[in-house]
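This report concerns only the one structure given below.
Nothing in this text is a laboratory measurement; each read-out follows from the coordinates by a stated rule. Every value quoted in this text rests on a predicted model; they were computed, and no experiment measured them. As a convention, Cβ positions derive from the backbone with ideal geometry for all residues, glycine included, and neighbour counts pool all protein chains shown.
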Amino acid sequence: MNTAHKGRILVTGGAGYIGSHTVVALLEAGYEPLLLDNFANSSPSVLERLHTLTGQSITCLEADCTQTDAVLERLRPLHVAIPFAGIIHFAAYKAVGESMARPLEYYHNNLGAMTSVLRWMEELGISLLVFSSSCTVYGQPEALPVSESAPMQPASSPYGHTKQMCEQMIGDFVRANPSCAAVLLRYFNPIGAHPSALLGELPLGRPNNLVPYLTQAAAGWIPPLTVFGTDYPTPDGTAVRDYIHVCDLARGHVQALDYLAHKPGICQAINLGASEGVSVRQLIDTFTAATGAPVPHQTGPRRAGDVAQVYADTTLATQLLGWQPQFSLADALRHAWAWQQQLPETSRP
Ligand code: NAD
Ligand code: UD1
């Protein structure tokens with residue numbers, strides 16, 4: 001680990017899937033992460049695994065981001081002792097289907113947490129922000145690969161609306177506070193796990209996303225995978241996405257922070273993806289080739305709200321951040337499988 005001290009970073013949602021991998025990348029780059037999480041969708045046990053992996057003690061404030069003033073008063077003395085150089089804001093609810101059924105919870109949590117983060121920046125004089133956005137802000141883009149200049153289409157869910165609204169809130173905030181700067185990282189489909197198998201995705205209940213469903217179905221924990229739709233206008237009829245290894249994504253956050261350090265007044269959206277369209281069928285075949293494990297599956301109708309294909313133009317990430325993915329799709333799938341295989345029986349659905 002690099003021991004140079006590049007500044008303390010508040011990581012909201014740092015105990016979650018992408019947050020925990022980013023904490024490792026921050027430590028490796030010489031930043032000092034301080035986590036803030038209410039464990040709504042994660043477990044405090046991740047802190048021990050982070051300690052095992054990095055050899056460093058990990059500080060986590062157990063708090064709810066929507067409690068703006070109460071959390072501010074807990075952050076203030078910490079900031080006085082060692083100032084926060086920036087915030088990476090992951091904390092949000094993220095299940096698309098659930099957001100359709102419980103929209104108010106999504107608006108309350110995701111917009112409430114966003115408002116708090118911007119208030120804390122204003123009150124404490126923290127100038128740098130990296131925000132977890134999503135390719136969902138593009139809807140079904142008119143041209144592929146999709147670049148950051150593509151017009152936003154109406155989002156297909158309340159979850160997507162909250163990402164669009166948060167991006168707008170940050171833009172308005174930076175315009176009013178030009179000493180601040182923000183990067184809006186638009187993730188495509190994050191998958192995989194840390195190569196050590198000490199960190200990974202732990203979906204609560206039956207997974208909705210393709211890769212955790214596929215790995216659990218391959219292990220025989222849940223019924224066979226259903227391929228949603230075989231009549232899309234794509235080469236093999238199944239939907240096409242852009243799958244990016246979570247460790248590559250994590251590194252993008254560090255590079256975004258480095259980039260922001262000298263850019264007051266900017267609010268820059270940047271895509272993070274592998275720039276490669278992969279169909280559901282291709283993903284299944286790559287998994288079996290990489291791990292030797294067959295995937296029991298059947299075909300079914302399209303899932304409501306799914307777009308046919310979306311993949312990223314990541315020219316800007318390369319130009320501005322010097323970022324490029326280092327792991328392949330096969331690596332990501334092997335790592336996801338290795339992570340799942342070491343999970344104790346008690347964490348299985
Ligand atoms: P996650 O659920 O694993 O992590 C989110 C973390 O935030 C959890 O630890 C949760 O406990 C915490 N949290 C939620 N609400 C909170 C609150 N009010 N106060 C404090 N902590 C709170 O999700 P993830 O996959 O790591 O996603 C992180 C971010 O990236 C989210 O903003 C998500 O919308 C965004 N994103 C994720 C994906 C994806 O496919 N995983 C894709 C695009 C964007
Ligand atoms: C969705 C969200 C996205 C969010 C991401 C992470 C939409 C339009 N997009 O991405 O905003 O950031 O989840 O939560 O909702 N599939 C199957 N069988 C399955 C599961 C999935 O065939 O059992 C297919 C889907 O149809 C899709 C692909 O696999 O084509 C990927 O699905 P998924 O992992 O759920 O991610 P997205 O829908 O792309």
message: What do you get for the angle between helix 329-341 and the principal long axis of the chain? Use alpha-carbon atoms, 0 to 90 degrees, nearest ten.
response: 90
query: Hey, with R₀ at 30 Å, roughly what FRET efficiency would GLU122 and ALA304 work out to, going by the Cβ-Cβ distance, to 0.05?
result: 0.15
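Ordered by packing density, taken as the mean number of other Cβ atoms within 10 Å over each peptide's residues, highest first, how do 114-126, 318-330 rank?
Highest mean packing first, the order is 114-126, 318-330.
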query: Which semi-axis lengths, in whole Å and largest first, follow from the square roots of five times the eigenvalues of the Cα gyration tensor of the chain?
result: 32, 23, 19
- prompt: So what are the three principal axis dimensions of the range 72-230 from its Cα atoms, in whole Å, longest to shortest?
  reply: 53, 40, 31
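Under a Cβ-Cβ cut-off of 13 Å, what is the net charge of the residues other than VAL80 that fall near it, where Lys and Arg count +1 and Asp and Glu count -1? Each step should come with its number before you reach the end.
Details: positive: ARG8, ARG74, ARG76; negative: GLU73, GLU123.
Local charge sum for VAL80: +1.
With r defined as the distance between the Cβ atoms of ASN209 and HIS51 and R0 fixed at 22 Å, what FRET efficiency is calculated, to the nearest 0.05? Mind dumping the intermediate values first?
On the way: r = 28 Å, r/R0 = 1.25.
Efficiency computed from Cβ-Cβ geometry: 0.20.
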Amide hydrogen neighbours beyond the local backbone of GLU32, cut-off 5 Å, H modeled: LYS6, GLY7, ARG8, ILE9
task: Along each of the three principal axes of the Cα atoms of the range 242-349, give the extent in whole Å, ordering the values from largest to smallest.
output: 51, 34, 25
- request: Note the direction-averaged projected area, equal to a quarter of the hull surface, for the Cα convex hull of the range 33-128, in nm².
  value: 6.8
query: Summing Lys, Arg as +1 and Asp, Glu as -1, what charge do residues with Cβ under 15 Å from the Cβ of SER127 carry, SER127 excluded?
result: +2
- request: Please determine, in degrees from 0 to 90 and to the nearest 10, the orientation of helix 68-81 with respect to the longest principal axis defined by the Cα atoms of the chain, where the helix direction is its Cα long axis.
  value: 60
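Work through the residues other than GLY13 whose Cβ is under 15 Å from its Cβ and net out their charges, Lys, Arg +1 and Asp, Glu -1.
Details: positive: LYS94, LYS163; negative: ASP37, GLU62, ASP64, GLU201.
Net charge around GLY13: -2.
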Principal semi-axes in Å for the range 65-108 [√(5λ), Cα gyration tensor, largest first]: 30, 12, 5
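Given that compact globular proteins tend to follow 2.2 N^0.38 Å, what is the ratio of the alpha-carbon Rg of the range 152-250 to that value?
Details: Rg = 17.8 Å, N = 99, 2.2 N^0.38 = 12.6 Å.
Cα Rg divided by the expected 2.2 N^0.38 Å: 1.42.
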